[in-house]
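Shown next, in structure tokens, is the structure this report addresses.
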Amino acid sequence: MALWSSMFSNYPLISAIVAFATAQSIKFLIVWYKEKRWDPTQLVGSGGMPSSHSSTVTALATAVGLHEGFGGAAFAIALILACIVMYDATGVRLHAGRQAEVLNQIVVQLPAEHPLADSRPLRELLGHTPPQVFAGSLLGIMIAAAIGHLINHN
């Protein structure tokens with residue numbers, strides 16, 4: 001029971017989880033608003049506005065910094081992790097998604113007798129544009145700051 005109690009009082013962990021859930025919920029609502037359809041895959045899928053990866057790691061880094069200080073090793077680790085995740089989201093994963101889009105277009109044009117003509121389409125929405133990463137980062141910082149404010153005033 002002590003494990004669950006300590007996990008539920010872990011400010012950086014709670015901040016990261018709330019940031020992830022909030023970003024995914026925002027994506028879900030954006031798709032509903034723009035396309036007038038409910039798409040539950042938005043609650044767990046990657047890609048889109050805002051970046052839940054970015055919001056999660058920036059909430060974690062911000063909460064660690066606010067909780068343990070910005071000069072410690074834990075904050076340094078969280079910050080470097082955040083930078084790597086956000087770089088990967090706008091670099092490798094974004095370009096892998098764009099390559100998947102091109103490959104899907106090529107496969108559609110293959111003759112029916114080609115061995116790859118019946119292959120399943122590749123996922124195209126993998127990465128994020130810089131504005132999506134920036135929005136996710138701001139969301140993560142705001143959530144960690146808000147949760148820290150609530151914790152310190154209760």
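Each reported figure results from applying straightforward, stated rules to the coordinates on display, with no laboratory input. It should be emphasised that the depicted structure is a prediction, and the values quoted were computed from it without experimental measurement. FYI the Cβ positions are ideal-geometry reconstructions off the backbone, even for glycines, and counts take in every protein chain you see.
Could you line up Glu101, Glu113 from fewest to most neighbouring Cβ atoms inside 10 Å? If you can, show how the numbers build up before the last one.
On the way: Glu101 16, Glu113 6.
Lowest count first: Glu113, Glu101.
Which of the peptides 17-25, 66-74 is most tightly packed, and how do the rest follow, judged by the mean count of other Cβ atoms within 10 Å per residue? Walk me through the numbers before you get to the answer.
On the way: 17-25: 20.0, 66-74: 13.1.
Ranked from most to least packed, the peptides come out as 17-25, 66-74.
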